[in-house]
Amino acid sequence: MLRRIDLSGEVADYSARALRGLLPRAAFDVNAALRQIQPLLDDIADRGGPAVVDAVERFDGVRLEQLRVPESAIKAAVDGLDDDLRRAYLVAIDRVREVHRAQRLPEVVTEVAPGGIVTERYVPVGRVGLYAPGGLAVLASSVIMNAVPAQIAGVDSLALASPAQKTNGGLPAPGILAVAGLLGIDEVYAVGGPTAIGMFAHGAGECEPVDMITGPGNIYVTAAKRAVKGLVGIDAEAGTTEIAVIADADADPAHVAVDLISQAEHDPAAASVLITMSVALADAVDAELDARVPATRHSERIATALAGEQSGTILVADLDEAILVADAYAAEHLEIQCADARAAADRVRNAGAIFVGPYSPVSLGDYCAGSNHVLPTGGCARHSAGLSVHTFLRGVHIVDYSREALEAVAADVVTFANSEDLPGHGEAVTARFA
C-alpha cells in the first residue's frame with residue numbers, strides 16, 4: 001500500500017536539504033493557484049459585495065440575497081443539536097480554552113538603567129476574520145481552534161466565514177453555525193474559499209475589512225492568503241494535512257494503520273508517512289492497510305492519498321535516524337509510538353504538534369486534547385508554529401526614559417548615529433541638553 005524509501009544507515013550522509021528532497025511530499029504550487037484566483041480578488045477589491053455574491057453563485061451554486069447569516073439561523077443550529085454532539089462540542093471548547101488560557105503573556109517591565117525603562121505590552125489585533133473549510137470535510141472543529149485563542153487574546157471583533165451549502169438553504173453547514181453560536185460569534189458569512197479571503201481583506205457588503213485572517217483551507221485559500229498578506233496579517237500558508245509516525249518493532253501495527261488512515265481521510269492529497277526501523281512492522285502496517293482501507297467509508301479517497309507521492313514508508317536504522325528524518329520532514333502531526341516515546345519527543349525539533357505513545361492519536365488533537373489543530377504543513381514546522389493566543393497578540397515596546405537616563409547614554413547615541421552618517425539622530429538627543 002505504501003511505497004518504501006530505504007535510508008537505513010545512510011541518513012547522516014545527506015545534508016538537510018538533500019534529505020528533504022528524498023522524502024515524500026505533495027506537489028503544492030501556490031503561485032500557480034494564485035494566478036488563477038488573482039482576478040477574483042481584484043474583482044472583490046473593485047466591486048465589493050456584488051463580486052462576492054457572484055462568486056458564491058459561481059462556485060457554490062447559491063445566489064445569496066445577503067452574505068451575513070441571520071442570528072436566528074445561528075440560534076436554530078444551536079437549538080437543533082442533539083445531546084451527544086452538544087456535549088462533544090462543549091468538551092472540546094472547554095479543553096481548548098483551558099490549554100490556551102495558559103498561553104496569555106504578562107506585561108514585561110525592564111529597567112535597563114536607573115530611570116530608563118522599557119515595557120513590552122502585548123496588544124490584541126483589533127478585528128480578525130476566521131475561516132472554516134466546508135469542502136470534502138466540513139470542519140466545525142476549526143471554528144473552535146480559531147475562535148478560542150482569539151477570544152482569549154482579547155480580540156474585540158471576530159467574523160467567521162464558511163462556504164454556503166446548497167443543501168442547507170445557502171447557509172454554512174449546521175455544525176459550523178452551532179459552534180459559532182456556542183462560542184458567542186454572531187457575525188457569520190456564507191462565503192467560502194478564496195472569495196472569503198478577499199471579502200475579509202478588502203471588505204465587501206456587510207463585512208468590514210479585518211486586520212488578520214486565520215484558518216485552514218485548500219490550495220486556493222492558501223494562495224488568496226498569500227496574495228493579501230501585507231494588506232492584512234495571516235496565520236500561515238497551510239496546505240493539505242499530513243501525519244508522520246515514528247514506530248519501532250514493538251508498536252501495534254493496527255494503531256499505526258488507523259492513524260495513517262485517519263489523516264488520509266481528509267483529502268486525496270493528504271500525506272501519511274511511516275518512519276520505522278523495523279521491516280516487519282512496515283509489512284504488518286501494509287497488511288493492516290490492505291484489510292482496513294476497503295472497509296472505510298472514504299476508501300477511494302484514502303487509497304488515493306496512501307498511494308500518492310506524498311505518502312510512504314521510510315526505513316531507518318535506529319531511533320537517531322528516525323528523529324533526523326522526522327526533523328527533515330517537519331510534519332504537521334508527528335506521532336511517536338516507540339520505547340521511551342516521551343524522551344524521543346523531547347529530542348524532536350521540527351513538528352507542528354507531537355503525539356506521544358499509543359494513546360495520543362492525532363484525532364484526539366483534532367478535537368478534544370486541548371491542543372490546537374491549525375498547524376504548519378509542507379515542512380513549514382521548521383520555522384513556524386501552530387495557531388495560538390500568541391498569533392493574535394502584538395508586542396509593543398513602551399520606552400520611558402528620564403532626563404538623567406537619556407543623558408547617561410547620549411554620547412553613545414551620538415557616536416552610533418555619526419558612524420551611520422545620520423547626525424540628525426544625534427542632534428535629536430543633544431538638543432535636549434543645549
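The values are calculated or read from the model by the stated rules, or taken from the named source; none is laboratory data. Everything numeric in this text was worked out from a predicted model, so none of it was measured. Note that we place each Cβ from the backbone using ideal geometry, even for glycine, and neighbour counts take in every protein chain shown.
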Inspect all residues belonging to region 142-149 and state whether any of them is surrounded by fewer than 19 Cβ atoms within 10 Å (Cβ to Cβ) and at negative phi. no
Can you tell me which residues in region 231-264 are at pLDDT 95 or above, surrounded by fewer than 22 Cβ atoms within 10 Å (Cβ to Cβ) and part of a loop (DSSP other than H, G, I, E, B)? 231, 248, 249, 250, 252
Going through region 314-364 one residue at a time, which ones are crowded, with 21+ Cβ neighbours inside 10 Å and among the charged types (D, E, K, R)? 332, 335
Residue list for region 351-404, filter: under 30 Å from residue 250 (Cβ atoms), touching a helix residue (DSSP H, G or I) at 6+ places or on another chain (Cβ under 8 Å) and among the aliphatic types (A, V, I, L, M): 351, 353, 354, 356, 362, 369, 375
Where in region 352-434 are there helices (runs of 4 or more DSSP H), lying fully within it, with 2 or more residues that are of a type in the set (Ser, Thr, Tyr) and either farther than 19 Å from residue 331 by Cα or in contact with a Pro (Cβ under 6 Å, 6 or more places away or on another chain) (or both)? 403-419
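For region 150-167, enumerate the residues that are within 21 Å of residue 56 (Cα to Cα) and surrounded by fewer than 19 Cβ atoms within 10 Å (Cβ to Cβ). Full working, then the answer.
Within region 150-167, the subset within 21 Å of residue 56 (Cα to Cα) is 159-167.
If the condition is that a residue be within 21 Å of residue 56 (Cα to Cα) and surrounded by fewer than 19 Cβ atoms within 10 Å (Cβ to Cβ), then 166, 167 are the ones that fit.
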Do any residues in region 131-144 that are in the same structural domain as residue 174 (by TED's automatic domain parsing) have Cβ atoms under 9 Å from those of residues that are in a loop (DSSP other than H, G, I, E, B) and of a type in the set (Val, Ile, Thr), where the two are at least six apart or on different chains, and which pairs are they? 142/374; 143/185
Across (1) of a type outside the set (Phe, Trp, Tyr); (2) surrounded by fewer than 18 Cβ atoms within 10 Å (Cβ to Cβ); (3) touching a residue at least 12 places away in the same chain (Cβ under 8 Å), residue 100 clears everything bar (2)
Residues that are under 25 Å from the mean Cα position of the chain (by Cα) and touching a residue at least 40 places away in the same chain (Cβ under 8 Å): list the strands (runs of 3 or more DSSP E) wholly contained in region 268-341 that include at least 3 such residues. 271-276, 333-337
